[in-house]
Amino acid sequence: MEITELINFIEFKSWLDYAVAIYLGSFAIQLFYYLFIFSRLAFFKAQKINNDELPVSVIICAKNERENLLEYLPLYLNQQYKNFEVIVVNDNSVDDSGDVLRAFQLQFPHLKIVNVPDTDRFYGSKKFALTLGIKAAKYDNVLLTDADCKPATNQWVRLMSQYAKKKSIVIGVGAYERKKGLLNKLIRFETFYTALQYLSFAQAKLPYMGVGRNLGYQTKLFFNNKGFSSHQHILSGDDDLFINEVADKRNTQIIIDQNAHTISNPKTTYSSWIRQKKRHFLSGGHYKFKHKFMLGLLQLSQMIFMCLFVFLVIQIRPVYLIVGVFIFRYLIQMLIFKLSANKIGGKDLVLLSPIFEVFFMIFNPLLVFSNLIIKKAKWN
């Protein structure tokens, strides 16, 4: 069969021809994202950066985190770095987190404790707690993480503090611990795919977010932006909304060295995971228009491509072009996923990625829709 016979139906003689054209158009958009955006992470090579080990303030917000502080805080306090402090903001904890912190402070003089005052106006606001921590920082460079995270190695501070020339934001990788079960795979795949996007866009000089589990920036950036004032009323966004405001093509860099990752304990129940996801979705609608457009176009083209593939396979004969395009798209995707997973983790998820992709393509819009109906307002 000649090539012309395979494509002679694309002559716009019927609505089916337009469906094929839209299918091919969505494929072209997907191909653009994978080859010109996501490939920047897949083929990323870190440059050697001369570092004078500038002093760093590590800031950790903790709310009823006794067990995590006992297990993880020593890993931060024992980082191999010449000049750094660790600030733990105790946000009105009702367990004995305060006692744990005071005991550590006796052993580690570079540990500073900041207690959030019991003020109804700011109760439950992580942004307020983080603001107090940044104001208490002795050094100009701050490195943020959460109490339920651990650094991958004792080189975390050193690697995440390697600011290149004229850079004032360092975006890192916040991974989740690998455990058994489907929920763990779903959480880690979504984290991997999200990291693929924001790290790749940052490399394409279009930074739009970072994760508060592994993020560094200079305090002058925070104060010049008046902190979180523009989105103080939004539950989430201490990381992504702030970076969305202040990051640009000149001041942002990524650090993906696996020794610079942080690792968190993932949720263990579907209900707690869904609550977490719904809270994170609250901030997406407040991104800059260009970022909402480029992320929305990616998701829309993905959904159109998948839906039209199923429809056209049923409706059109022959299906060589439809199936061939579909297979080619997924070969490109799997290649990018594999190369990226080698750098940021998640190699065990690559083969299952098409299934997870379809799941989140359906699941995420449902959660976004539910957020339009039910809104909550406290950080836990």
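Scan region 233-261 for residues that are loosely packed, with under 15 Cβ neighbours inside 10 Å and touching a residue at least 60 places away in the same chain (Cβ under 8 Å) and jot them down. ARG250, GLN258, ASN259 - these are the residues of region 233-261 that are loosely packed, with under 15 Cβ neighbours inside 10 Å and touching a residue at least 60 places away in the same chain (Cβ under 8 Å). The numbered conditions (1) touching a strand residue (DSSP E or B) at 6+ places or on another chain (Cβ under 6 Å); (2) at pLDDT below 95; (3) not in a strand (DSSP E or B) are all true for TYR72 except (2). Taking the criterion of being part of a helix (DSSP H, G or I) and among the small types (Gly, Ala, Ser), would at least one residue in region 176-190 satisfy it? Checking region 176-190: not a single residue is part of a helix (DSSP H, G or I) and among the small types (Gly, Ala, Ser). Take ASP248 and decide whether it is acidic (Asp, Glu) and more than 30 Å from LEU349 (Cα to Cα). Judged against the criteria, ASP248 is a match.
Tell me the residue from TYR287, TYR217 that is part of a strand (DSSP E or B), in contact (Cβ under 8 Å) with a residue 40 or more places away in the chain and of a type in the set (Phe, Trp, Tyr), please. Going through TYR287, TYR217 in turn, just one is part of a strand (DSSP E or B), in contact (Cβ under 8 Å) with a residue 40 or more places away in the chain and of a type in the set (Phe, Trp, Tyr): TYR217. Scanning region 33-50 for residues that are assigned to a strand (DSSP E or B) and not basic (Lys, Arg) turns up nothing. Please work out which residue is nearest to ALA175 (Cα to Cα), limiting yourself to region 234-282 and to residues that are acidic (Asp, Glu) and modelled with pLDDT of 85 or more. For region 234-282, the residue satisfying everything is ASP257. When ILE327, ILE322 are checked against the criterion of being assigned to a helix (DSSP H, G or I), more than 15 Å from the chain's Cα centre (by Cα) and under 19 Å from GLU357 (Cα atoms), a single residue qualifies: ILE327. Checked against the criterion of being in a helix (DSSP H, G or I), under 26 Å from PHE223 (Cβ atoms) and hydroxyl-bearing (Ser, Thr, Tyr), region 129-137 contains one or more residues that satisfy it.
The values are calculated or read from the model by the stated rules, or taken from the named source; none is laboratory data. Not measured: the values here are computed from a predicted model. All Cβ positions, glycine included, derive from the backbone under ideal geometry; neighbour counts span all protein chains shown.
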